[in-house]
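Read the figures in this text as sums done on the coordinates, not as results from a lab. Since we're looking at a predicted model, the values are computed, not measured. Here the Cβ positions follow ideal geometry from the backbone for every residue, glycine too, while neighbour counts run over all protein chains shown.
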Amino acid sequence: MSGAKNCPETPRQKMIAMMYLVLTAMLALNVSADILKGFRMVNNGLVTSIQSADERNKYLMASFEELNARYPEKIGEWLKKAKEVEARANDLVDYIHNFKYEMIKMADGSSADKNAIEIKRQDDTNVSGIYGLTQGNAKILQKKIEDYREFIKNIYGNNQVKNDEYDRIFSTKSVNKGIGETNVPWDKANFESMPLAAVVTMLSKYQTDVRLAQTEAIQYLKNQTDAGDFRVNEVVAEVIPESKTVVAGGQYKARIILAARDTNAKPQIFVNGAQVTDPNGIYTSAVGNSIGPKEITGKIVLKDPVTGEPREYLIKSEYSVVAPSATIANEDMNVVYMGYANRLSISVPGFSPEKLSVSASNAKLENKGGGKYICRPSSYDGVTINVAANVDGKNVSMGSGKFRVRALPNPTAFLRFKDASGNIVLYNPTITKNVKLTRQFLANADMVAEYEDGLLQATFNVTGFTVSISDGRGGLSPSMSNGKNFTESQKNNFLRIKSGTPVLFEKIKVTGAKNAELAFPRIDIP
């Protein structure tokens with residue numbers, strides 16, 4: 001409900017105004033004292049109207065104050081303007097009352113009615129001219145009426161209908177009183193040689209008009225308190241959960257609200273820089289493969305129902321992206337290795353890695369980020385991994401996993417060399433079937449140790465080995481190497497001994513992830 005509301009005169013007010021005009025016209029014809037009694041009757045009616053308007057305005061202001069107590073941010077600005085209207089109206093009404101009383105006092109002396117209602121010398125035609133014109137009070141009154149008129153007009157802004165209405169009600173233009181009396185100034189027309197009863201009645205009418213204008217202005221301002229509110233035609237219940245994933249033992253939390261909306265309004269919705277085109281405001285976005293907390297920001301833009309200017313309402317929320325997962329475990333293979341950086345991937349559906357707390361018994365855990373951990377056992381008694389998640393500020397257990405601890409298996413010894421194409425070859429006669437060993441390859445090889453299946457990625461260093469070459473008489477001629485490389489003597493022996501001579505690589509010592517002594521199958525010099 002917005003805009004000004006008309007406050008039409010009641011039939012009684014119209015009758016009083018008409019009687020005032022008739023009586024004023026009859027005065028010009030020098031009608032008898034009975035007419036003066038008619039003015040008294042009209043004035044009494046106007047005084048009653050003033051009192052009724054006062055009561056109505058007090059009620060309006062009381063309801064205004066009550067609204068302000070409940071919604072100060074919304075009402076305060078309009079209440080301040082309403083109080084200004086009230087103050088300006090009171091000032092003018094009080095001034096006019098004092099104006100009437102001073103004239104009556106000049107006519108009736110010390111017995112003058114302070115309420116300015118009862119007048120003994122109603123037919124006195126001198127005091128209004130003396131007080132109003134000679135003493136200049138009519139000019140002051142005229143200026144106050146004009147100031148009030150412009151003030152009330154400004155309440156409604158540039159509203160031509162209201163401008164015309166108040167220019168007519170509070171007109172202070174020169175008037176035509178009759179033949180030979182044209183363009184008579186307002187003060188002279190209303191105060192010169194006019195009976196006191198007529199002047200007092202005229203002033204009471206101005207008081208009535210001031211109060212009615214006050215009522216209309218306050219009602220208009222009161223209506224403006226919700227003029228900028230959006231209208232709704234549908235109210236629905238909404239449940240907004242904090243999360244649709246609830247952990248056993250946790251809490252389900254949701255906001256239960258009544259959402260009011262206008263199904264005819266078409267707001268613009270922008271999320272993360274892009275406009276939402278779905279007519280129901282449903283936002284859809286592909287999350288890709290990025291795991292972790294995500295944030296959405298944006299705004300809703302809706303036109304002001306009064307000014308048409310866009311209003312913006314900011315949006316901010318967050319959600320978490322977790323990897324799709326299923327728990328499938330081979331319990332027989334729940335093993336971690338002593339002395340090895342066991343790589344663990346730990347996740348809980350519905351929770352980002354940042355929300356998890358992970359601990360271990362009989363092991364040290366190193367958080368590598370993104371749900372990846374390194375586990376280093378410290379005892380063969382078994383390792384237990386405990387996982388908890390932050391739920392509503394509390395750590396809630398998500399479960400645990402138990403692992404057996406085993407020593408690392410021995411790696412496999414390989415001769416490493418480059419083939420004719422320059423490719424690195426790891427040669428072990430029981431494993432590498434498609435590589436033909438040559439004397440040249442052998443002479444340029446070194447000894448390394450690795451896991452042949454690559455499932456475990458550990459680092460080993462060969463610190464020494466023994467090469468035993470057949471002497472052709474059933475014996476072996478051993479020689480030592482103190483690292484992974486063959487000695488020059490060993491290389492020369494490979495190049496000059498006869499083809500088919502058996503060679504053994506023994507006591508291959510490795511350190512690193514595990515200390516061990518490895519064997520290598522016998523080879524025959526090609």
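What to note about this one:
- Using a Förster distance of 35 Å, the FRET efficiency for Asn159-Ile315 (Cβ separation, nearest 0.05): 0.40
- The lysines whose alpha-carbon is closer than 16 Å to the alpha-carbon of Lys372, local same-chain residues fewer than 8 away aside, are Lys355, Lys364.
- Over segment 106-220, the fraction of Cα-Cα pairs per 5 Å bin, rounded to whole percents and listed from the shortest bin up, is 2, 10, 18, 20, 18, 14, 10, 6, 2, 0.
- The slack in the chain from Thr501 to Ser52, taken as 0.36 nm per residue of separation less the alpha-carbon distance, amounts to 148.4 nm.
- Between Ala519 and Val175, the distance separating the two model label sites (each 7 Å from Cα on the Cα→Cβ line) works out to 13.5 nm.
- Beyond 31 Å in Cα-Cα separation lie the following of the pairs Lys222/Lys316; Lys491/Lys514; Lys100/Lys153; Lys144/Lys303; Lys81/Lys316: Lys222/Lys316; Lys144/Lys303; Lys81/Lys316.
- Full extension of the segment from Ile130 to Glu452, taken as 0.36 nm per residue of separation minus the current Cα-Cα distance, would add 103.3 nm.
- Förster-model FRET efficiency, 30 Å R0, Asn444 and Lys368, C-beta, rounded to 0.05: 0.20
- Within segment 359-389, backbone nitrogen closer than 19 Å to the virtual label 7 Å beyond the Cα of Lys402 toward Cβ: 359-364, 377-388
- With 0.36 nm allotted per residue and the present C-alpha distance subtracted, the Glu234-Asn183 stretch has 12.3 nm of extension available.
- Partner aspartates and glutamates whose Cα lies under 20 Å from the Cα of Lys436, excluding those fewer than 8 positions away in the same chain, are identified as Asp419, Asp446, Glu452, Asp524.
- Segment 398-488: translational diffusion in µm²/s, Stokes-Einstein, Kirkwood Rh over Cα pairs, 4 °C, 1.567 mPa s: 82 µm²/s
- Among 503-512, 217-226, 40-49, sorting by the average number of other beta carbon atoms lying within 10 angstrom of each residue, highest first, gives 217-226, 40-49, 503-512.
- Sites Ala341 and Asn492, calculated FRET efficiency, Cβ-Cβ separation with R0 60 Å, nearest 0.05: 0.90
- Mean projected area (nm²) of the alpha-carbon convex hull when segment 440-526 is viewed from all directions: 5.9 nm²
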